[in-house]
1. Which members of segment 242-264 meet the condition of being surrounded by 15 or more Cβ atoms within 10 Å (Cβ to Cβ) and either among the polar types (S, T, N, Q) or under 26 Å from the mean Cα position of the chain (by Cα) (or both)?
2. May I ask you to list pairs of residues, at least six apart or on different chains, whose Cβ atoms are under 9 Å apart, with the first in segment 302-313 being on the phi > 0 side of the Ramachandran plot and the second being among the charged types (D, E, K, R) and at pLDDT 95 or above?
3. Report, by residue number, each residue of segment 166-191 that is in a loop (DSSP other than H, G, I, E, B) and at pLDDT 95 or above.
4. Enumerate the pairs (first residue in segment 143-164 and on the phi > 0 side of the Ramachandran plot; second residue anywhere and part of a helix (DSSP H, G or I)) with beta-carbon separation below 8 Å, excluding pairs fewer than 6 apart on the same chain, so at least 6 apart or on different chains.
5. Can you list residue pairs whose Cβ atoms sit under 7 Å apart, with the first residue in segment 429-445 being within 18 Å of Lys411 (Cα to Cα) and the second being among the β-branched types (Val, Ile, Thr) and part of a strand (DSSP E or B)? Count only pairs 6 or more apart in sequence or on different chains.
6. Read through the list (1) within 21 Å of the chain's Cα centre (by Cα); (2) not in a strand (DSSP E or B), then give the number of the only condition that Ala517 fails.
7. Looking at (1) modelled with pLDDT under 90; (2) in a helix (DSSP H, G or I); (3) not small (Gly, Ala, Ser), which is the one condition that is false for Leu476?
Amino acid sequence: MKVRYRAAAGLAVLAMAVAACGGGGSESKQPSAQQSQQAQQKMAETPAISINPVPYDQVKDGGTLTLAIGQWPSQWNGNHVDGNQADTADMLDWIMPQLMVADEGAQWKANPDYVTDVKMDMSSGKQTVTYTLNEKATWSDGTPITYKDLQAQWKANSGKNDKYKPASTDGWDKIESIEKGDSDKVAVVTFAKPYPEWQGLYNRNSSWLYPAKSMETPDAYEKDYLQKVPVTAGPFKVESIDEGTKTLTLVRDDKWWGQKAKLDKVIFRAIETPAAQVNAFANGELDAVSIPSGAPAELKRAKEVPDADIRKSLSPNWRHFTVNNQSEILKDKNVRHAIAYGINRDVITQSDLKDMDWPLQTLGNHVFMNNHKGYVDNSGDLGKYNPEKAKQLLDAAGWKLDGDVRKKDGKELALDFVIPTGTPVSQTEGELTQAMLKEIGVKINIRPVPLDKFFTDYIIKGDFDLVPFSWIGSPLPIGSLKQIYFTGSESNFPKASDPAVDAAIQAAVDEMDPAKAIDLANAADKLIWDMVHTIPLYQRPEIQATKKTLANYGARGYKTYDVTAIGFTA
């Protein structure tokens with residue numbers, strides 16, 4: 001999906017794609033050992049980054065970059081659960097501070113534009129991180145960026161005040177205090193409990209830094225960045241937000257203290273479907289376009305555009321079905337198990353990725369991608385298509401076949417598969433699921449809902465039984481456990497709750513030893529599979545079609561863009 005929900009693990013995204021094919025669910029279509037080996041080899045050969053790297057001094061000064069987004073935001077506060085969308089993040093990267101940045105190898109360093117020094121220390125018996133902020137770093141309204149901004153954002157996202165609605169409290173809830181150091185430009189962060197993924201705070205991984213005045217009250221947190229961006233602090237500033245045409249126009253900020261941006265202007269246009277986006281790219285209206293999974297026609301069309309460059313990389317992004325653990329029928333874990341057994345993940349993966357030049361490999365983990373060193377296939381039996389096992393579980397749960405559909409106490413076993421309009425890949429996934437689950441006596445109603453309301457009015461409010469979308473991950477995947485699967489998290493959309501899962505998650509996110517943390521995360525993942533919170537499908541392709549002359553932009557994998565260096569070579 002092209003809406004992202006952020007956490008230490010990621011943002012949620014709507015899949016805007018044209019599905020490859022339909023087809024029923026009765027055929028196993030399990031990949032052979034040879035096919036699996038070929039997929040693994042192809043995955044290993046896919047680069048970690050493909051952005052046409054060009055030295056800054058060789059990029060042309062000036063020019064306008066025009067890009068497309070799928071979903072127009074209303075909430076521009078990236079901390080807020082409603083602002084945790086992939087498209088919103090792509091725009092905020094140009095205008096809001098990120099204190100730490102990652103390279104293509106997922107290694108972190110301080111962003112010198114905002115932080116001249118950062119130190120993590122455990123010698124006092126508690127973890128402390130000291131940020132020395134750049135003396136020149138200033139908000140666009142003239143207010144200096146200080147420790148007070150970090151402090152206010154922590155308090156808002158900590159989870160201690162339920163009037164705030166953060167996308168995730170992960171990491172924030174472990175902070176004990178943030179105090180002034182030697183000056184207002186020094187922030188000393190003390191953690192009550194160790195937090196190994198601390199580098200992910202105050203950047204795209206959790207949220208960009210925002211001004212203290214917009215974090216200090218729930219009302220400001222909710223309203224200051226609602227349908228507007230009043231204050232920025234980046235190489236670019238907002239020239240205009242046009243709600244009518246759903247267009248954001250950015251221009252260089254002359255007050256920027258860092259390296260001057262190469263581009264004069266960046267324009268983001270909301271274009272809902274991938275077909276329309278690729279048409280705009282082919283017509284020269286866009287300089288780059290994302291090609292989502294399930295869009296072979298769009299990939300083919302983009303390849304045919306003169307002077308186009310197709311850039312691919314591995315990324316921490318993945319497609320899945322979320323399963324509402326609190327809906328009337330799915331509260332019974334045995335029924336959720338039956339649904340998992342009744343869905344052929346291989347068929348859906350093959351449908352979505354057909355002709356996408358991407359490995360046809362299902363994903364067996366909720367935390368680590370296929371190419372991550374921590375990856376283990378934890379799917380077990382639940383990850384295997386087994387309609388007979390599904391039927392047995394439903395029989396035992398009291399759902400008896402009555403004609404084509406099972407019933408219990410006179411009620412049909414009918415589930416809503418909610419999809420956003422304008423996303424054909426979701427429609428096809430629904431149709432495939434409908435055909436598969438019909439074979440075990442489960443009725444699936446495919447319910448299209450407005451694209452711009454998909455998250456805010458349906459996913460976040462729990463108005464679904466099954467729903468497809470994608471999580472956009474980060475270089476710090478373990479934090480996703482707390483954000484997505486922990487009891488009470490705003491981004492735990494199925495409202496799943498299991499004390500054993502919570503304990504396993506807490507152990508993983510508390511562990512400072514990286515190797516032990518991976519083992520603990522995989523232990524938690526096995527329990528999440530058993531809970532049937534989410535049914536993983538596959539690691540999503542990151543494919544960008546760009547003009548050949550576009551430099552330092554494309555399929556970036558884990559890397560944080562240096563937006564000042566993005567531009568054209570001719």
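1. Answer for segment 242-264, where residues must be surrounded by 15 or more Cβ atoms within 10 Å (Cβ to Cβ) and either among the polar types (S, T, N, Q) or under 26 Å from the mean Cα position of the chain (by Cα) (or both): Lys246, Thr247, Leu248, Thr249, Leu250.
2. Asp307/Lys547; Asp307/Lys548
3. As a first pass, look at segment 166-191 and keep what is in a loop (DSSP other than H, G, I, E, B): 167-171, 181-185.
Listed by number, the residues that qualify are Gly181, Asp182, Ser183, Asp184, Lys185.
4. Gly159/Trp172; Gly159/Asp173
5. Pairs that qualify, where the first residue is within 18 Å of Lys411 (Cα to Cα) and the partner is among the β-branched types (Val, Ile, Thr) and part of a strand (DSSP E or B), are Leu437/Ile444; Gly441/Val405; Lys443/Val405.
6. (1)
7. Of (1) modelled with pLDDT under 90; (2) in a helix (DSSP H, G or I); (3) not small (Gly, Ala, Ser), only one is false for Leu476: (2).
Yes/no matrix, rows are residues, columns are (1) assigned to a helix (DSSP H, G or I); (2) modelled with pLDDT of 95 or more; (3) more than 21 Å from the chain's Cα centre (by Cα):
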position	(1), (2), (3)
Phe464	no, yes, no
Phe469	no, no, no
Gly488	no, no, no
Ala500	yes, yes, yes
Ala503	yes, yes, yes
Ala524	yes, yes, no
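The values are calculated or read from the model by the stated rules, or taken from the named source; none is laboratory data. Only a predicted model underlies this, so the values are computations on that prediction, with no experimental measurement involved. So basically every Cβ, Gly included, is an ideal-geometry build from the backbone, and we count neighbours across all protein chains shown.
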